[in-house]
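Please read the structure below before turning to the comments.
The values are calculated or read from the model by the stated rules, or taken from the named source; none is laboratory data. All values reported here derive from a predicted model rather than from experimental measurement. Cβ placement follows ideal geometry from the backbone for every residue including glycine, while neighbour counts extend to all protein chains displayed. The protein model used for the area step is the full one, side chains on, heavy atoms only, and it has no ligands, DNA or RNA in it. Shrake-Rupley method; radii C 1.70, N 1.55, O 1.52, S 1.80 Å.
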Amino acid sequence: MKKILIANRGEIALRVMRSAREMGIKTVAVYSEADRNALHVRYADEAVLLGTAPSNQSYLVIEKIIDAAKKTGADAIHPGYGFLSENPVFARNVKEAGITFIGPSAEAMEMMGSKLNAKAMAEKHNIPLVPGTAKAIEDMAEARNVADKIGFPVLIKASAGGGGKGMRIVEERSQFEEQMKRAQSEALSAFGDGSVFIEKYVASPRHIEIQILGDTHGNVVHLFERECSIQRRHQKLVEEAPSSVLTPEIRKEMGRCAVQIAKACNYTSAGTVEFLLDEKKNFYFLEMNTRLQVEHPVTEFITGIDLVKEQIKIARGEKLSFRQEDLSINSHAIEIRVCAEDPSNNFLPDIGNLATYKIPQGRGVRVDDGMEEGMDIPIFYDNMIAKLIVYGKDRQEAIDKMIRAIDEYKITGVETTLSFCRFVMEHEAFVSGNFDTQFVQHHFKPELLNAYNEDEALIAAFVAVENVGKKKTVVANGMVPGTVSKWKANRNVE
Ligand code: MV4
């Protein structure tokens with residue numbers, strides 16, 4: 001493997017290129033017209049323009065990307081996350097073009113893309129599942145019987161959904177039939193597959209996932225867990241490893257289950273097995289993500305393993321160079337996502353120019369970003385500006401370091417999630433480890449958000465004065481505060 005094309009943009013494109021460069025492999029960037037001056041384009045050895053800014057004219061066009069690889073002589077493609085990363089048609093076409101796909105097989109993606117297939121497979125291997133159906137619901141009366149048996153509230157999920165897409169809570173029996181019909185027709189129009197299933201609704205679960213790596217020789221290991229409970233609208237904002245609630249026994253058992261699921265679909269490359277953990281610390285398999293995830297750096301910090309390099313070595317056909325017993329957890333890592341949005345206004349996405357952009361530095365601090373001062377945040381894609389990852393010898397040291405790093409981070413021109421993440425780091429529930437996926441609903445109110453740094457507040461006040469009138473234009477363009485903008489719905493969000 002001499003040259004890798006990265007079919008992505010922003011921080012993840014850069015992150016993949018850095019590992020390739022360390023391995024002496026050349027890199028090819030692809031880009032849209034909106035990204036002409038982007039860092040990933042400048043960092044790569046070569047770059048190919050795909051098309052206009054919208055993803056469906058650029059980063060999502062399979063033929064254009066494969067053509068770019070052929071034109072530049074790239075012998076492999078890394079898809080990053082989002083965009084085409086979990087698209088089995090892309091993986092298959094890349095392979096058929098004689099190019100190595102750095103990721104799992106199209107077959108493994110297809111298997112896990114259907115949540116029902118994934119559940120059925122897990123059931124066969126005696127992996128714990130949330131009580132409910134592991135088959136598509138065809139008969140309403142039968143479905144109602146299952147719902148009665150597991151008890152309300154129940155959750156209806158679309159088989160082709162995932163990541164919180166196509167989920168519906170049914171609070172009481174009287175709403176069941178109507179909600180089922182809605183869920184089925186929504187799933188059909190959103191995914192082209194109307195299959196739905198039901199599960200008992202676990203009210204306040206923790207969201208814990210296990211990182212796995214599989215090679216093409218049948219070896220699979222897990223790299224422990226990531227705790228991803230702090231999220232809003234199914235997008236994670238804070239991730240950490242290890243989780244403060246897992247005992248060594250539960251960790252070992254979840255790891256064993258994750259490895260078994262990966263083996264059952266002949267999984268190769270990096271993947272993530274998602275679980276829910278209830279108050280009694282029972283865990284249940286939810287779904288498997290067949291890509292490198294946004295939050296992979298926390299695992300890199302605690303294990304010392306470069307996950308992208310491992311993906312590349314696996315794609316070259318190499319055997320994993322370590323066994324399960326060679327792996328251990330060292331230190332504690334926390335990641336926050338720095339997104340352009342306003343935590344004091346329902347996390348409404350914000351757009352604008354990065355007027356000030358200064359990143360934190362120092363021991364144990366890593367910033368993965370793809371933007372620089374003065375850049376406009378493109379409205380077409382993900383609103384994540386950067387990931388800030390820190391590690392410390394223990395959880396408290398990591399928290400202290402994160403607060404220090406957040407205070408060093410200087411961003412003006414757009415609202416960001418930094419203030420919210422600082423709030424999390426200081427919150428008693430987070431510090432004590434006693435939190436779940438309802439953290440935002442249970443503990444967060446905009447009034448609790450003080451400007452996290454006096455300098456920052458001063459700069460922000462200045463910018464606000466300078467920008468009087470400019471924000472109005474945004475509103476006139478259709479961004480009604482408190483609603484989700486159309487702009488956001490079109491973006492590439494993991
Ligand atoms: C659930 C659940 C509770 N009960 N399933 C969300 C993402 C997707 N991977 C599955 N998810 C969930 N599935 C059952 N049976 C809770 C979640 C969930 C969640 C739900 C509402 C609000 C935030 C959430 C965050 C993480 C997981």
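Kindly report the accessible area of the chain per residue (heavy atoms of protein chains, probe 1.4 Å, no ligands, DNA or RNA), in Å². Each step should come with its number before you reach the end.
Details: 20730 Å² over 494 residues.
On a per-residue basis, 42 Å².
So, counting K/R as plus one and D/E as minus one, what does the shell of residues with Cβ under 14 Å around G218 add up to? Let's see the in-between values first.
Values: positive: K263, K319, R323; negative: D215, E318.
Spelling it out: positives minus negatives among the neighbours equals +1.
From the residues S159, N289, V220, which one has its Cα farthest along the dipole of the chain in the positive direction, the dipole being from +1 and -1 charges on Cβ of Lys/Arg and Asp/Glu about the Cα centre?
So the residue we want is V220.
Please calculate the 1.4 Å probe accessible area of L449, with all protein chains present, and give it to the nearest 10 Å².
Rounded to the nearest 10, the figure is 40 Å².
Give me the percent of accessible area attributable to carbon and sulfur for the chain, probe 1.4 angstrom. Please report the intermediate quantities before stating the final value.
Values: 10300 of 20730 Å².
Using a 1.4 Å probe with all protein chains present, the chain comes out at 50 percent carbon and sulfur.
Full-extension gain between R18 and L448, please, as 0.36 nm times their residue separation minus the C-alpha to C-alpha distance.
Details: separation 430, 0.36 × 430 = 154.80 nm, distance 3.91 nm.
Going from the current span to full extension adds 150.9 nm.
Calculate the length of the line joining the C-alpha centroid of the stretch 327-395 to that of the stretch 247-306, in whole Å.
The distance from the Cα centre of the stretch 327-395 to that of the stretch 247-306 comes to 24 Å.
Report the net charge of residues surrounding E199, where surrounding means a beta-carbon distance below 12 angstrom and charges are Lys +1, Arg +1, Asp -1, Glu -1. Please report the intermediate quantities before stating the final value.
Details: positive: K115, K119, K157, R168, K200; negative: E287.
Result for the neighbourhood of E199: +4.
Find the relative contact order for the stretch 131-200 and round it to a whole percent, using C-alpha pairs within less than 8 Å whose residues are 6+ positions apart. Don't skip to the answer; put the middle values down first.
Numbers: 119 pairs, mean separation 30.1, N = 70.
Relative contact order here is 43 percent.
Please report the Cα spread of the stretch 144-265 along all three principal axes, rounded to whole Å, starting with the longest.
Largest to smallest, the principal-axis extents are 46, 33, 30 Å.
Over the chain, what is the relative contact order in percent, taking alpha-carbon pairs closer than 8 angstrom and at least six residues apart?
13
Starting from the Cα gyration tensor of the chain, take the square roots of the eigenvalues, sort them a ≥ b ≥ c, and report rounded, prolate or oblate (rounded when a/c is under 1.5, otherwise prolate if a/b is larger than b/c, else oblate). Please report the intermediate quantities before stating the final value.
Details: a/c = 1.30, a/b = 1.10, b/c = 1.18.
In terms of gyration-tensor shape, rounded.
Could you please state, rounded to a whole Å, how far the C-alpha centre of the stretch 43-71 is from the C-alpha centre of the stretch 430-446?
41
Can you show me the helix-derived [θ] at 222 nm for the chain, built from DSSP H runs with n ≥ 4 at -39,500 (n - 2.57) apiece and divided by the number of residues, rounded to the nearest 500. Please list the in-between numbers first.
Details: 18 runs with 174 residues, N = 494.
-10000 deg cm²/dmol, from helical runs alone.
Dipole of the stretch 9-150 (Lys/Arg Cβ +1, Asp/Glu Cβ -1, origin at the Cα centre): which of V16, H78, I150 lies farthest to the positive side?
So the residue furthest toward the plus end is V16.
How big is the stretch 3-102 on each of its three principal axes, counting only the C-alpha atoms and giving the largest first in Å?
31, 29, 23
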